[in-house]
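**Q** Dumping the structure here so I can ask a few things about it.
The values are calculated or read from the model by the stated rules, or taken from the named source; none is laboratory data. Being a predicted model, the structure only gives us computed values, none of them experimental. All Cβ positions, glycine included, derive from the backbone under ideal geometry; neighbour counts span all protein chains shown. Surface areas here come from the heavy atoms of the whole protein model, side chains and all, with no ligands, DNA or RNA. Shrake-Rupley method; radii C 1.70, N 1.55, O 1.52, S 1.80 Å.
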Amino acid sequence: MELFKKVITSVLAALLLTSCSSMNSGITIGDKEFSTNDIQKPVDEILEARKSIDTSQMQLGSGADLIRNQAQFAVISVLLDQIASDSKINFTNADIATRRTEIVAQVGGETELPRALVSSNLAPSNLEPYIKVRLIIDKLNSDFIELGASPEQASEGVSKLLVAAAKKLGVKVNPKYGTWNPVTASIESGDITDGAVTPAP
């Protein structure tokens, strides 16, 4: 499922992440906190799902990549929720169900969904949050385009909104997930080794 990869690639560069002094905390965004266990849980789901699927032709993230990806996804979800609230963007359960149906159709049916999730390094528990992220981003892009922006300008506009939301809420990330690079605007490297699947306590 290329959708997830495209979303993460396009929006992660906009996140403003800083280091967190508390080693017991995973991520803090405003008053929302994710423990290291919260970050690890979907990683465990992904690794478990891989056991029952032929992954020989897939490009899958390592333990370190998966953990960092989940940390970044958690931040994206909270920031976009804030943007949606500020912009009065609302979605119903029916909207989410409709988008899920579209995704299932795109990947070739319900039986193919687990494989699509695994190939995108996406945990089953990430699917609904991912759908919400996609709905918000699509609505924001649509709004920018309606105002005359090109698709590229719309994407840049969404990125600026994410940066503004990060500044407004304040984002702290445990250094074990990586360091903030202001040039690339992303989490890079970190204390998690490439072979690790569980963060150190």
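**Q** If ligands, DNA and RNA are left out, what is the accessible area of residue 147 with a 1.4 Å probe, given in Å² to the nearest 10?
**A** About 150 Å², ignoring ligands and nucleic acids.
**Q** While we're looking at this one, here's another question. Kindly sort 33, 112 by accessible area of their heavy atoms, largest first, with the probe set to 1.4 Å.
**A** 33, 112
**Q** With a 1.4 Å probe and every protein chain left in place, tell me how much accessible area residue 101 has, in Å² to the nearest 10.
**A** Roughly 90 Å² of residue 101 is accessible to a 1.4 Å probe.
**Q** Whenever you get a sec, line up 67, 53 from highest to lowest accessible area (probe 1.4 Å, protein heavy atoms).
**A** Descending order: 53, 67.
**Q** So how exposed is residue 168, as accessible area in Å² (1.4 Å probe, rounded to 10)?
**A** Residue 168 has an accessible surface of roughly 120 Å² with all protein chains in place.
**Q** Too long at a 18 Å Cα-Cα cut-off: which of 132/168; 139/167; 32/172?
**A** Checking Cα-Cα distances, 132/168; 139/167 exceed 18 Å.
**Q** Net charge near residue 44, counting Lys/Arg +1 and Asp/Glu -1 over other residues with Cβ under 12 Å of its Cβ?
**A** 0
**Q** To continue, here is another question. With every protein chain kept in the model, how would you rank 167, 139 by accessible area, 1.4 Å probe, largest at the top?
**A** Listed by decreasing accessible area, they come as 167, 139.
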